1. Which order, highest average first, do 22-34, 103-115 follow once you tally other Cβ atoms within 10 Å for each residue and take the mean per peptide?
2. Scaled to the compact-protein estimate 2.2 N^0.38 Å, what is the alpha-carbon radius of gyration of the chain, rounded to two decimal places?
3. How large is the accessible surface per residue of the chain, computed with a 1.4 Å probe and reported in Å² as a whole number?
4. Only Cα pairs within less than 10 Å get springs; with that Gaussian network setup on the chain, which residue of 20, 119, 65 has the largest fluctuation?
5. Considering Cα pairs under 8 angstrom that are at least six residues apart, work out the relative contact order of the chain and quote it in whole percent.
6. For the chain, what % of the accessible area comes from carbon and sulfur atoms, probe 1.4 Å?
7. Under 19 Å Cα-Cα from residue 117, which aspartates and glutamates qualify once same-chain neighbours fewer than 8 residues away are excluded?
8. For the chain, what is the calculated [θ] at 222 nm in deg cm²/dmol (nearest 500), taking -39500 (n - 2.57) for each run of four or more DSSP H residues and dividing by its residue count?
Amino acid sequence: MIQWNNEFSVNNDAIDNEHQSLFTALNDFYEGLRQNASRDSMGKLIDNLVFYTKTHFANEEIYMQKIGFPGIENHLNEHREFISKVEAFQSKIKEGKLLVSVEVTNFIKNWITNHIKTQDKQYAVFVAQK
Ligand SMILES: [Fe+2]
Ligand SMILES: [Fe+2]
C-alpha cells in the first residue's frame, strides 16, 4: 500500500489530487492481488489504473506545456515508455498469460513513486524559480 504525503507534492493542488487518485487506483489493484481476486476483477482493476494513469499524464503534459517546462520532451518519453509497459501487463493479465504478482505491483509502485519524486518534481522546481 502506498500513502500520499507531502514528500510527493509538486506544489499544484490539481496535480497533487491526481497523484492521490493514482495511488488509490494502485492500492485497489494491490488489494485485489492480496485478496486473490479473479482474473476478470484484476482485469478491471488494471483497466482502472491504466485509465487514471493516461488521464493524469495527459493533464500533466498540458500543464508542462502551459508553463513552458524545458524538460518536457524527456518527460513525455518517460510517460510513453511506462504506458507501453503497463499496457503490456494489461493485455497479458486479461489473456491469462500473466499472473498478477507482488513483482508486477512493485514495479508499478516503484516507477510511479520514483517518477513523481525525480521527474514531476522538476517542473515544480522550474515553476518555483520562474
Ligand atoms: Fe505525475
Ligand atoms: Fe510525470
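1. The densest-packed peptide leads the list: 22-34, 103-115.
2. Details: Rg = 15.2 Å, N = 130, 2.2 N^0.38 = 14.0 Å.
Its radius of gyration relative to the 2.2 N^0.38 Å reference: 1.08.
3. Numbers: 7370 Å² over 130 residues.
About 57 Å² of surface per residue is accessible.
4. With Cα springs under 10 Å in the chain, the top fluctuation among 20, 119, 65 is at 65.
5. Numbers: 84 pairs, mean separation 43.7, N = 130.
It rounds to 34 percent for the chain.
6. On the way: 3630 of 7370 Å².
Answer for the chain: carbon and sulfur cover 49 percent of the accessible area.
7. Answer for residue 117, where 19 Å is the Cα cut-off: 7, 13, 16, 18, 60, 61, 73, 78, 81, listed by chain and number.
8. On the way: 5 runs with 96 residues, N = 130.
The helix contribution divided over the chain gives -25500 deg cm²/dmol.
The values are calculated or read from the model by the stated rules, or taken from the named source; none is laboratory data. Quick caveat, the model's predicted, so the values are computed rather than measured. As a convention, Cβ positions derive from the backbone with ideal geometry for all residues, glycine included, and neighbour counts pool all protein chains shown. With ligands, DNA and RNA removed, areas are computed over all heavy atoms of the protein, side chains included. Shrake-Rupley method; radii C 1.70, N 1.55, O 1.52, S 1.80 Å.
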